[in-house]
Amino acid sequence: MSRSADTHCPYCALQCAMTLDPVSSADAAAAPVTVTGRDFPTNRGGLCKKGWTSAELLRAPSRLGAPLLRGADGVLREASWEVALDVVAAWLRGTRTAHGADAVGVFGGGGLTNEKAYLLGKFARLALGTSRIDYNGRYCMSSAAAAGNRAFGVDRGLPFPLEDLDAAHTILLLGTNVAETMPPFIGHLVGAQAAGGLVVVDPRRTATARLTDDGRGLHLQPVPGTDLALLLGLTHIVIAERLVDLDYVSARTVGYDAIRRSVASWWPERVQSVTGVAALTLRRLARRLASGGNTYVLTGRGVEQHVDGTDTATAAINLALLLGLPGRAGSGYGTLTGQGNGQGGREHGQKCDQLPGYRKITDPAARAHVAQVWGVDPADIPGPGVPAVELLQSLGEPDGVRALLVHGSNLVVSSPNVAAVRERLAALDLLVVCDFFLSETAELADVVLPITQWAEEEGTMTSLEGRVIRRRRAITPPDGVRDELWILAELARRLDCSATFDTDPELVFEELRLASEGGIADYSGIDYALLDRGEAAYWPYPRGSEGTPRLFAERFAHPDGLARLVAVAARESAHPSPLPGELTLVTGRLLEHYQSGSQTRRVPELRDAQPEARAAMHPSTADRLGIADGELVELSNARGTVRCRARLTTDIRPDAVFLPFHYGDGQAANLLTSDAVDPVSAMPEFKTNAVRVARLVETGVVA
């Protein structure tokens with residue numbers, strides 16, 4: 001069965017709108033539907049390369065078509081669903097009996113629909129009885145979320161519709177490369193460019209940084225890992241030059257005196273010595289930000305994926321608050337969610353410390369509310385678990401997780417310190433992976449369960465704006481694959497769980513509405529009928545309301561309605577300077593690929609455009625190391641080694657080297673990254689790791 005369907009792209013959180021139309025059976029072998037961009041506020045009919053080619057994944061030759069079980073000989077072979085689920089259930093029962101409920105772990109993903117994320121959290125806590133659940137959003141949004149929660153009392157990536165940026169006079173982009181990660185986004189930067197007010201902070205001269213050329217803005221290229229010092233310096237200037245909006249600060253915030261004291265020593269010349277950004281440029285930028293209305297401060301992973309990422313995001317919020325931006329018409333602060341459902345995925349229960357509606361799992365009232373919806377005693381809901389890195393470090397340990405279920409994640413590409421993660425996965429008694437393809441993580445699994453893709457399922461997603469949107473089914477899935485709602489329901493039944501696990505996405509969403517009601521992320525006023533009418537639905541959307549496109553217009557989400565200015569300090573130990581002979585490794589994305597590359601590396605056009613990882617370095621650095629463009633190089637540190645080819649470019653600082661993180665096996669950038677984490681958010685240090693780079697003698701194909 002196939003039909004036309006208005007839906008959204010399966011990739012990033014921009015969630016570009018598209019229409020899928022069936023193709024003739026003769027042409028369906030390559031792609032069963034055609035993709036057309038659909039007019040929608042975020043993308044206005046445009047799509048990027050990934051969106052235009054997304055339908056090719058539906059019939060990719062490497063797509064899984066039946067469950068796989070690993071035999072005694074170590075080989076994965078096809079099995080029936082009945083047998084595969086019976087095996088999984090038997091292992092889970094045995095593990096719980098022998099080692100306790102917390103010996104079973106669940107690892108989710110920010111690409112799951114709201115319905116799947118919700119049911120996965122419910123399944124972990126009721127069917128498995130475990131507290132050991134977290135998800136890959138811990139690697140993406142956790143620092144921004146922690147900073148938003150402590151400053152505003154709520155975490156919604158953009159607390160305003162993306163269209164508001166169209167009228168901006170000044171936009172400060174910190175650590176985000178939207179021109180490559182979500183290309184249709186740049187259509188919302190045109191106004192700021194025309195006003196000469198697009199400011200990009202990035203140690204690389206990215207495609208986004210080049211949007212500032214020809215008088216359209218300013219590119220700051222600081223030393224990697226010095227964003228916090230830069231923000232403290234800007235805040236110092238704003239205070240010293242009396243650019244603070246004192247009326248706003250007095251009426252809407254607390255904590256100003258502590259902020260003033262905390263930045264007193266960050267005069268511009270000191271910031272210049274740390275960041276490499278000229279004091280004159282810093283003063284110019286501070287004055288621009290304070291020059292009037294229509295100013296926005298936006299952060300991305302480049303300033304957040306650090307051991308001090310929460311403090312850095314907090315410093316950006318402090319700056320925005322001192323300028324009076326959040327909650328003011330035509331201005332604001334926001335953070336750019338990355339994964340397709342990175343926003344909704346962290347709201348409804350797959351984080352280790354949360355229940356649906358963004359409720360704290362330690363809050364007795366929250367536990368009582370959700371328990372009533374689930375029909376259980378609050379005592380039956382486990383307490384908080386542990387965040388992703390700690391969860392993975394516990395795998396196979398005597399008192400740790402012995403059986404792990406993975407949904408929507410490719411752990412051995414996307415996790416920090418990949419070699420250690422591989423070792424921990426190998427120590428498990430049972431690894432179960434749900435995926436479309438035999439990803440690098442699925443290759444290690446004992447059981448692989450093939451699942452539906454976006455065009456084969458119904459559900460909802462929540463975009464980077466906090467807008468809930470509909471995913472609609474266009475085609476019937478292949479016979480051998482199953483929806484994860486069905487998988488969770490079947491496993492719950494086999495585990496003798498008495499709680500309800502619906503398989504109809506709309507019924508699951510109806511339950512999610514009830515569970516979220518009264519919470520921070522309240523979806524109770526949203527239903528499928530409203531979304532199918534095309535109405536914009538921004539949470540919080542309490543029953544009987546019209547939703548909240550713009551947060552903070554009257555008050556912030558703390559009980560007293562005031563935002564918190566939180567003093568933070570730059571710690572030298574957070575980003576130690578590389579030793580002589582070392583470079584700072586910066587990781588990031590490419591236009592053609594997404595996340596771990598498990599999907600995009602299977603699309604011929606995207607794969608052929610970027611078939612392998614390349615280490616980008618400055619020509620002067622390469623000359624010093626005796627490396628020519630295209631030569632094989634080795635990047636190494638105490639955690640691992642990556643071999644790939646060099647790409648020489650003046651777009652990167654001489655003290656840094658860039659690797660994309662979309663590749664697996666011997667080209668996985670995260671072989672080199674640290675699993676040290678931010679003490680508040682538990683975000684790993686992805687962006688500034690010291691490496692040595694050396695030229696290798698050509699011996700054959702890159703590993």
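Structure data summary
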read-out: Taking segment 621-683 and dividing mean pair separation by its residue count, relative contact order in percent (alpha carbons under 8 Å, at least six apart); value: 29
read-out: Relative intensity, log₁₀ I(q)/I(0), of segment 567-627 from a Debye sum that treats every alpha carbon as a point, q = 0.25 Å⁻¹; value: -1.02
read-out: Kirkwood hydrodynamic radius of segment 293-438, from inverse mean 1/r over distinct Cα pairs, in Å; value: 18.4
read-out: Amide hydrogen neighbours beyond the local backbone of Phe40, cut-off 5 Å, H modeled; value: Gly45
read-out: Contour excess over end-to-end distance, with Cα ends at Trp486 and Asp73 and 0.36 nm allotted per residue; value: 145.7 nm
read-out: Dipole magnitude of the chain, debye to nearest 20 (Cβ charges: Lys/Arg +1, Asp/Glu -1, about Cα centre); value: 1480
read-out: Environment charge of Ala570, counting only residues whose C-beta is closer than 12 Å and scoring Lys/Arg +1, Asp/Glu -1; value: -2
read-out: Sorted largest first, extent of segment 219-298 alpha carbons per principal axis (Å); value: 36, 28, 21
read-out: Label-to-label distance, nm, for residues given as Asp560 and Ser4 (7 Å Cα→Cβ offset); value: 5.7
read-out: Protein accessible area in the chain, 1.4 Å probe - carbon and sulfur %; value: 51
read-out: Nonlocal amide H pairs with Cys644, under 5 Å, H built at 1.01 Å; value: Val633, Leu635
read-out: Long-range Cα-Cα pairs in segment 279-358 (distance over 16 Å), rounded percent; value: 64
read-out: Karplus-derived 3J(HN,Hα), 6.51/-1.76/1.60, for each residue of segment 678-686, Hz, glycine and proline x; value: 5, x, 9, 9, 6, 6, x, 7, 8
read-out: Helical mean residue ellipticity (222 nm; -39500 (n - 2.57) per DSSP H run of 4+; nearest 500) of the chain; value: -7500 deg cm²/dmol
read-out: Solvent-accessible heavy-atom area per residue, rounded to whole Å², over the chain at 1.4 Å; value: 34
read-out: Relative contact order, percent, segment 578-703 [alpha-carbon distance under 8 Å, six or more residues apart]; value: 35
read-out: Normalised contact order of the chain, rounded percent, pairs of Cα under 8 Å and 6 or more residues apart; value: 19
read-out: Amide H partners (placed H, <5 Å) of Asp435, local residues excluded; value: Leu449, Ile451
read-out: Contour excess over end-to-end distance, with Cα ends at Ala365 and Ala279 and 0.36 nm allotted per residue; value: 25.9 nm
read-out: Cα-based equivalent ellipsoid of segment 535-678: semi-axis lengths in Å, sorted from largest, via gyration tensor; value: 40, 24, 14
read-out: Taking the convex hull of Cα positions in segment 106-173, its mean projected area over all directions (nm²); value: 6.4
read-out: Extent along principal axes [Cα atoms of segment 341-410; Å; largest to smallest]; value: 34, 30, 18
read-out: Residue-wise HN-Hα coupling along segment 191-197, computed from phi with Karplus coefficients 6.51, -1.76, 1.60 (Hz; x: Gly, Pro); value: x, 5, 4, 4, 8, x, x
read-out: Cα-based Kirkwood hydrodynamic radius, segment 15-121, one decimal, Å; value: 17.9
read-out: Equivalent-ellipsoid semi-axes of the chain, from the Cα gyration tensor, Å, largest first; value: 37, 31, 25
read-out: Karplus-derived HN-Hα couplings along segment 200-210 (A = 6.51, B = -1.76, C = 1.60, θ = phi - 60°), whole Hz, x at Gly and Pro; value: 10, 10, 6, x, 10, 8, 7, 4, 5, 4, 5
read-out: Dimensionless Rg over Rh [segment 195-234; C-alpha; Kirkwood]; value: 1.01
read-out: Centre separation in Å (Cα based) which lies between segment 390-446 and segment 608-657; value: 29
read-out: Tally of Lys pairs whose C-alpha atoms are under 16 Å apart, taken over the chain, 8 or more apart or cross-chain; value: 4
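The values are calculated or read from the model by the stated rules, or taken from the named source; none is laboratory data. If you're wondering where the values come from, they're calculated on a predicted model, not measured in any experiment. Here the Cβ is made from the backbone with ideal geometry for all residues, glycine too, and neighbour counts use every protein chain on show. To get the accessible areas, we keep the full protein, side chains included, count just its heavy atoms, and leave off ligands, DNA and RNA. Shrake-Rupley method; radii C 1.70, N 1.55, O 1.52, S 1.80 Å.
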